[in-house]
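A short write-up of the structure that comes next.
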Amino acid sequence: MAKWILLRKYADFQAIAKDCGVSVYLACLMRNRGVMDSAQAKRYLFGSMKDLYDPSLLHDLDKAVHILQQKIRDGRKIRIIGDYDADGVCSSYILFRTFSFLRADCDVRLPERIRDGYGINERLVQEAAADGVDTIITCDNGIAAAKALRAAKEAGITVIVTDHHEIPYTEENGSKRYIYPPADAIVEPKYPAVQGFTPYPFRDLCGAAVAFKLAQVLLDRPDISLPETDRDTKEQRVLRELLSFCGIATVCDVMPLIDENRILVKCGLLEAQNPKNTGLLALKAAAGLSDQPLGTYHAGFVIGPCINAAGRLQTADLALQLFLEPNDLRARERALALCGLNEQRKSMTEENTVAACTLIDARRRETGKTDRVLVVRLEECHEALAGIVAGRLREKYMRPVIVLTPSMKDKRVLKGSGRSVDAYNLFEELHKVSDLLLAYGGHQGAAGVSLLRENEEELRRRLNAQCSLTDEEMEDTLRIDMVLPPSGVTPDFVRELDLLEPTGEKNAKPLFVVRNLLLHLDRIVGKAQNVLQLTGIEESGQRVRMILFDRDFSAPDLRDGHDRICHVVYYPQINVFRGEENLQFVIRAYRIIGNA
């Protein structure tokens, strides 16, 4: 059962509320999300494109722009090399659209997950050299590809790296020595303070956001802080289109929705409501989102998985070609194909998650414990699904998970993906066992690995031996914003909560708790009979409409028809049915404290 934590952070809520024109409740909710004062609150609530940091603060960005402008003027052949996930596809599209607009001689190559693995490699470099490519620019990869980029430089190719992943390093006398790829320019928000360079103010940009900032400067910084008008320049229209891809990629790559990312996602999803890109418009329609506002849920759990499915099960080029397709009919066909691949991916993911749980539970019965770091080998799992399965297992067992699968190129090799909990830096821990690995990379919360089969058990042993996670750090934690009886919630307050959007990673949807609420089951509905409609009766006698989405049938004590007195964690929403608006309260968690 999850641990409930009632947040108790303090600030001058009255002053923040007055300065920002919001309720004291909302001021409290913002403080729970790290907003300290009125100035921060105004940027949080009303931040616009004008509030983004200067792109030129990124390491080598101006240098990269200068190189690219000269290459474009000289008619040199430029090749973009991206990655096969949603961030890689979106960042590749951002750069290609920008270069094409500037009339550059450019093309794109996306690695194939099985044949190439992650990012740029020596095969792609050799292909570029054979094709007469003058300049390679990476996006969403490259910072850890020193060997491949060394081959590019030896072939006389100019190299520009744009990436957002952690920079590899070695340790000498307790300090880090970073290993930079041999590139003519490295545009990277995580570039450290070295040689007088001041780090970028916000290190958690995704690959597409880095590409977007490069595009901003290449397009001569067009102002898109105001709503679109008929007088927009061509550069403004292009940048608006690119912003929608930047917003979607930021959500899909599970970047924290704070600081710059809040602005990029908020403004990007607004642009994506009515996308100018034919392919994105078709994908929204194919996914059933044509008539809905596009929020973070739709970007992260509907649009993003369709883009990712291409790179997982076939080739990411399918997704990229969709966004490059100008014809409505062909775009519709491509979009429907991506949605079909995603349905196939869902089924395969479910099967492999069940198989992994069976292995973990069997090992627990055998050893009498569950490892603090789970390392699971699935012989039949498609290697492209390892990361999704690892994410599911992390949520279930609340601990770091690495899912390994046999390499489809070499059965002696295991390839894997890991997902972590907040208190465990997966990248750093893998670095400590790098002598067991053929390759690794990623960041604190997610990483990829490859290793010889014979090293699997030693990897498991050493990761667990060096793990310092406490039981408390592995508890599922539900952070509750405040005690608030549902009868105190008004439609206006629910609408005010929209100011907290976009919600997601590090900027959670607000949760409230009510104590001693009597829950009465009204009916069970839904095609799968997994939606419980209930009446909540407060101690005052006030009745409210409540709903519980019991997707895994884990609420038998509410299904049996007996009234229960509970502490309930919920969030409010406005339900619209046949044109009529009604408040309803979605149950996020509950604890039974007695029978009625």
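Tabulated data for the structure shown
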item: Which listed residue, of Glu235, Glu228, is in contact with a helix residue (DSSP H, G or I) (Cβ under 7 Å, 6 or more places away or on another chain) and either over 17 Å from Leu58 (Cβ atoms) or open to solvent by 20 Å² or more (accessible area, probe 1.4 Å) (or both); result: Glu228
item: Considering residues of the range 72-95 that are acidic (Asp, Glu) and crowded, with 22+ Cβ neighbours inside 10 Å only, the residue nearest to Ala386 (Cα to Cα); result: Asp85
item: So Gln344, is it in contact (Cβ under 8 Å) with a residue 12 or more places away in the chain, under 25 Å from Met408 (Cβ atoms) and open to solvent by 10 Å² or more (accessible area, probe 1.4 Å); result: yes
item: The range 12-28: number of residues that are out of contact with any strand residue (DSSP E or B) (no Cβ under 9 Å at 6 or more places or on another chain) and under 25 Å from Arg588 (Cβ atoms); result: 6
item: Residue tally, condition touching a residue at least 60 places away in the same chain (Cβ under 8 Å) and open to solvent by 20 Å² or more (accessible area, probe 1.4 Å), over the range 42-71; result: 16
item: Out of Leu359, Leu374, sole residue that is modelled with pLDDT of 95 or more, open to solvent by 80 Å² or more (accessible area, probe 1.4 Å), closer than 21 Å to Leu463 by Cβ and not β-branched (Val, Ile, Thr); result: Leu359
item: The lone exception for Ala39 - which of (1) open to solvent by 60 Å² or more (accessible area, probe 1.4 Å); (2) within 25 Å of His164 (Cα to Cα) it fails; result: (2)
item: Top-ranked residue in the range 154-177 [being farther than 16 Å from Ala64 by Cα and of a type in the set (D, E, K, R); ranked as most open to solvent (accessible area, probe 1.4 Å)]; result: Glu154
item: Residues that are loosely packed, with under 14 Cβ neighbours inside 10 Å, free of Cβ contacts under 8 Å to residues at least 24 places away in the same chain and of a type outside the set (Val, Ile, Thr), drawn from the range 179-207; result: Ala193, Gln195, Gly196
item: Within the range 433-452, considering residues that are open to solvent by 40 Å² or more (accessible area, probe 1.4 Å), of a type in the set (A, V, I, L, M) and under 30 Å from Leu205 (Cβ atoms), the one modelled with the lowest pLDDT; result: Ala439
item: Residue in the range 453-475 that is least open to solvent (accessible area, probe 1.4 Å), counting only those that are over 25 Å from Thr405 (Cβ atoms) and not in a loop (DSSP other than H, G, I, E, B); result: Glu473
item: Selection from the range 114-145 of residues that are at pLDDT below 95, open to solvent by less than 30 Å² (accessible area, probe 1.4 Å) and either assigned to a helix (DSSP H, G or I) or touching a Phe, Trp or Tyr at 6+ places or on another chain (Cβ under 6 Å) (or both); result: Asp116
item: So Thr98, is it at negative phi and either open to solvent by 10 Å² or more (accessible area, probe 1.4 Å) or assigned to a helix (DSSP H, G or I) (or both); result: yes
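Residue-by-condition table, conditions (1) open to solvent by less than 40 Å² (accessible area, probe 1.4 Å); (2) in a strand (DSSP E or B):
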residue: Pro510; (1), (2): yes, no
residue: Leu517; (1), (2): yes, yes
residue: Ala528; (1), (2): no, no
residue: Gly536; (1), (2): yes, yes
residue: Ser540; (1), (2): no, no
residue: Val544; (1), (2): yes, yes
residue: Phe553; (1), (2): no, no
residue: Asp557; (1), (2): no, no
residue: Tyr570; (1), (2): yes, yes
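Residue-wise test of (1) among the hydroxyl-bearing types (Ser, Thr, Tyr); (2) at positive phi; (3) assigned to a helix (DSSP H, G or I); (4) open to solvent by 20 Å² or more (accessible area, probe 1.4 Å).
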position	(1), (2), (3), (4)
Ala209	no, no, yes, no
Arg221	no, yes, no, yes
Cys246	no, no, yes, no
Thr250	yes, no, yes, no
Val265	no, no, yes, no
Gly268	no, no, yes, no
Asn274	no, no, no, yes
Ile303	no, no, yes, no
Ala309	no, no, yes, no
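The values are calculated or read from the model by the stated rules, or taken from the named source; none is laboratory data. Bear in mind that the values here come from a model prediction, so they are computed numbers and not experimental data. Every residue, glycine among them, receives a Cβ derived from its backbone with ideal geometry; neighbour counts consider all protein chains shown. When the accessible area is computed, the model is the full protein with side chains, heavy atoms only, and any ligands, DNA or RNA have been set aside. Shrake-Rupley method; radii C 1.70, N 1.55, O 1.52, S 1.80 Å.
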